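Here's the structure we're looking at; comments come further down.
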Amino acid sequence: MDNIQSPQFHEELENAFPTLPLKYNVDWRELTSLGAGGNIEILAEPPDDLALAHLLRFCHKREVPIFVLGGGTDTVGGDQPFNGLIIRLCQNDFIRIQPGRRHVTVGAGVRLSDLVSTCARRGFGGVSALVGIPGTVGGALRMNAGACGVCIGQYVSELCGYDTEGNPWAVSGHEIEWGYRCSTIPWGIVITAAIFKLPEVEKTEEMEHIQHQLEDRRAREPRGRSAGCVFKNVSPEEPAGRLIDNCGMKGWSCGDAYFSEKHANYIINRDHAMERNIVDLMSEVRRKIAERDGFYLNPEVCFVNYASVNKIKEAAIPPTVVVLKGGCSNERTISLKSGEAVASALVRAGYPVKEVDILECSLSDEIRAADIVFPVLHGGFGENGELQKLLEAANLKFVGCGSVASAAVMDKISSKKIMQTAGITTPDWGVITRDNRTLPANLTFPVIVKPPREGSTVGIFKAETPAEWDDAVEHALEYDDELLVEKYISGVEVTVGIVNSQTLPMIEIKSPSGFYDYDAKYVYNNGKTEYLCPPVSVTEQSQAVAAEQAMKFFNAAGCRDLLRVDFIIDASGQPFMLEGNNIPGFTATSLVPKAAKQSGISFERLCVNLVRAAWKR
């Protein structure tokens with residue numbers, strides 16, 4: 001790699017690009033809103049795409065690192081000179097907006113506020129919520145900048161730029177995955193322009209909306225030199241500013257840098273803050289929040305010196321998590337969705353996560369290497385204790401019930417015996433087999449027929465007559481050779497979640513047919529099921545009794561971490577416990593996460609709390 005500080009490199013660069021605007025020893029205070037750091041050795045400002053492409057090839061051939069600087073509003077300069085080339089796209093087409101009849105072509109160096117305002121004056125809208133976000137279009141695209149539920153990525157028609165070797169690069173907006181404050185734009189790509197397709201709006205109304213957004217942002221944001229929010233939010237429900245505030249770090253300072261008293265996610269430069277001051281403050285915040293909340297905040301600001309990012313991350317290193325999903329039971333599809341949701345939540349919380357689609361009950365080297373295993377396997381070996389037994393034998397920490405409790409809860413017949421022993425009210429029940437299909441003597445129609453070792457209402461049938469009985473038994477026997485038969489109780493279906501030995505608010509389930517079967521749960525051929533939290537048809541007294549009974553079952557079965565218990569509450573208000581589920585559905589809209597949200601626990605915090613419980617064992 002060439003030494004860019006040498007006169008020889010300077011001469012070679014100037015000879016190769018005689019018309020390229022170059023600046024030497026530029027102070028970071030001149031180019032960034034934060035103003036931290038020392039000097040830039042060389043700043044290049046190519047006038048067009050062709051010059052940029054040649055410059056990228058030049059640097060690649062000599063192994064010279066590059067850093068592309070946008071508006072400098074989210075950049076922390078380095079205390080030491082960057083041994084590479086700083087490139088700023090601030091001329092000609094890079095800062096031009098070209099409105100068309102239905103599209104707007106925008107250079108990467110255009111300020112986001114100028115894009116929004118210009119589009120509004122031309123009758124294009126949809127992005128007014130972004131007007132107060134500082135920075136340029138290029139940076140906004142890379143991080144999928146957003147506000148008030150609007151993200152820039154949703155309006156991108158095309159993107160173009162160059163890779164680090166100077167080769168042209170172009171994609172459609174649909175080829176990029178636009179996530180929460182992130183995108184899949186390859187890291188080495190230098191974005192030069194984008195084409196946006198924006199909806200037509202009434203100009204006056206859009207300009208008024210823009211003015212309102214600017215006034216609102218001015219009221220919220222602190223004054224002074226800053227780089228905006230220094231940490232990424234975990235999610236809209238877990239903003240970094242609130243987490244920092246809850247740790248008592250508003251006003252904390254290091255040198256001339258301090259966390260704003262007005263908005264805790266802003267670091268303000270009093271006068272001559274250095275990069276190391278910013279790094280020290282952010283490192284302390286990451287450590288404190290990791291200890292308090294289990295979230296590992298990641299920087300949103302860009303550091304020219306990437307070693308600074310590593311230092312911040314090393315202040316608190318999260319455990320690695322393997323999320324197990326899929327399996328080979330009838331609930332495989334549901335498990336895949338749950339596993340993906342859990343993994344995404346943990347990634348947002350700062351954890352290194354690996355998703356493993358497990359198809360057999362065995363432990364791969366990948367699973368054994370994890371600090372924590374998070375099984376999200378519904379039914380089959382993932383829920384009946386077989387997998388848990390392997391994890392215990394390997395001395396691996398994992399989320400959820402142990403092998404003995406998992407086996408007991410998964411088996412509905414075993415669960416009935418636990419309920420009876422613990423004195424928990426449950427519908428009368430009996431057992432039939434393939435060879436003995438006679439309705440148990442203690443039961444009369446209507447009844448429910450259940451395979452005892454399936455979940456997600458798989459294979460459950462209601463029988464009200466002898467003819468329906470024969471049909472229900474025949475179909476249920478497709479899932480198991482032994483069946484649980486249970487007295488049908490007419491009433492309100494509810495569920496109570498338990499997380500880390502704490503009951504969550506009850507959820508009332510209103511299925512369109514009055515019977516919460518697989519269709520009511522997932523398919524909706526007969527209409528959508530309503531989930532009411534808090535319940536509207538259950539008294540507070542009945543809710544309290546059900547919660548008490550759920551906890552009694554949790555303890556009697558030897559559960560830990562996580563359980564969902566289902567009930568029917570009859571016309572008198574008496575809760576009848578039906579069954580437990582030791583690995584319930586775990587998407588953000590599943591029952592346990594719904595109940596957690598009602599009690600103020602975000603989906604990310606719910607997943608993290610379970611991981612932390614396993615980590616502490």
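Given the condition in a strand (DSSP E or B), assigned by TED's automatic domain parsing to the domain that holds Ile189 and out of contact with any Lys or Arg (no Cβ under 8 Å at 6 or more places or on another chain), answer yes or no: does some residue in region 55-72 qualify?
Scanning region 55-72 turns up no residue that is in a strand (DSSP E or B), assigned by TED's automatic domain parsing to the domain that holds Ile189 and out of contact with any Lys or Arg (no Cβ under 8 Å at 6 or more places or on another chain).
Being among the aliphatic types (A, V, I, L, M) and free of Cβ contacts under 8 Å to residues at least 24 places away in the same chain is the filter here, so list the residues in region 539-570 that pass it.
Within region 539-570, just Ala544 meets the criteria.
Any residue at all in region 257-265 that is part of a loop (DSSP other than H, G, I, E, B) and surrounded by fewer than 18 Cβ atoms within 10 Å (Cβ to Cβ)?
Keep residues of region 257-265 that are part of a loop (DSSP other than H, G, I, E, B), which gives 260-265.
Checking the rest, the ones that are also surrounded by fewer than 18 Cβ atoms within 10 Å (Cβ to Cβ) come to 261-262.
Scanning region 257-265, I find at least one residue that is part of a loop (DSSP other than H, G, I, E, B) and surrounded by fewer than 18 Cβ atoms within 10 Å (Cβ to Cβ), so the answer is yes.
Among the residues of region 299-307, are any under 30 Å from Val376 (Cβ atoms), buried (at least 17 other Cβ atoms within 10 Å of the Cβ) and in contact (Cβ under 8 Å) with a residue 40 or more places away in the chain?
Within region 299-307 (the criterion being under 30 Å from Val376 (Cβ atoms), buried (at least 17 other Cβ atoms within 10 Å of the Cβ) and in contact (Cβ under 8 Å) with a residue 40 or more places away in the chain), the answer is yes, since at least one residue qualifies.
Tell me, yes or no, whether region 158-165 has at least one residue that is out of contact with any helix residue (DSSP H, G or I) (no Cβ under 8 Å at 6 or more places or on another chain) and in a helix (DSSP H, G or I).
No, region 158-165 contains no residue that is out of contact with any helix residue (DSSP H, G or I) (no Cβ under 8 Å at 6 or more places or on another chain) and in a helix (DSSP H, G or I).
State all residues of region 463-501 that are loosely packed, with under 14 Cβ neighbours inside 10 Å and touching a helix residue (DSSP H, G or I) at 6+ places or on another chain (Cβ under 9 Å); if no residue qualifies, say none.
Asn500, Ser501
With respect to the numbered conditions (1) in contact (Cβ under 8 Å) with a residue 40 or more places away in the chain; (2) over 20 Å from Arg102 (Cβ atoms); (3) buried (at least 21 other Cβ atoms within 10 Å of the Cβ), which one is the sole condition not fulfilled by Glu165?
Glu165 satisfies every listed condition except (3).
Is there a residue being surrounded by 16 or more Cβ atoms within 10 Å (Cβ to Cβ), modelled with pLDDT of 90 or more, touching a Ser or Thr at 6+ places or on another chain (Cβ under 8 Å) and not in a helix (DSSP H, G or I) anywhere in region 21-32?
Yes, that holds for at least one residue.
Which helices (runs of 4 or more DSSP H) does region 318-411 wholly contain that include 1 or more residues that are among the polar types (S, T, N, Q) and buried (at least 18 other Cβ atoms within 10 Å of the Cβ)?
Result: 332-348, 386-393, 403-410.
What tally of residues in region 342-384 results from selecting those that are farther than 16 Å from Gly326 by Cα and touching a Ser or Thr at 6+ places or on another chain (Cβ under 6 Å)?
Result for region 342-384: 4.
Which residues, counting only those in region 508-551, are among the hydrophobic types (A, V, I, L, M, F, W, C), crowded, with 16+ Cβ neighbours inside 10 Å and at pLDDT 75 or above? Please lay out each step first, then the result.
Applying the first criterion (among the hydrophobic types (A, V, I, L, M, F, W, C)) to region 508-551 yields 509, 515, 520, 523, 532-533, 536, 538, 544-547, 550-551.
Checking which are crowded, with 16+ Cβ neighbours inside 10 Å leaves us with 509, 515, 520, 532-533, 538, 545-547, 550-551.
Once the filter is applied, which keeps residues that are among the hydrophobic types (A, V, I, L, M, F, W, C), crowded, with 16+ Cβ neighbours inside 10 Å and at pLDDT 75 or above, region 508-551 yields Ile509, Leu532, Cys533, Val538, Val545, Ala546, Ala547, Ala550, Met551.
Does Gly138 fit the bill of being in a loop (DSSP other than H, G, I, E, B) and either outside the structural domain of Gly228 (by TED's automatic domain parsing) or free of Cβ contacts under 8 Å to residues at least 24 places away in the same chain (or both)?
Against the criterion (in a loop (DSSP other than H, G, I, E, B) and either outside the structural domain of Gly228 (by TED's automatic domain parsing) or free of Cβ contacts under 8 Å to residues at least 24 places away in the same chain (or both)), Gly138 does not qualify.
Go through (1) in contact (Cβ under 8 Å) with a residue 60 or more places away in the chain; (2) over 36 Å from the mean Cα position of the chain (by Cα) and name the single condition Val64 misses.
Condition not satisfied by Val64: (2).
The values are calculated or read from the model by the stated rules, or taken from the named source; none is laboratory data. Predicted model, so just to flag it, every value in this text is computed and none were measured. We place every Cβ from the backbone using ideal geometry, glycine too, and count neighbours over all the protein chains shown.
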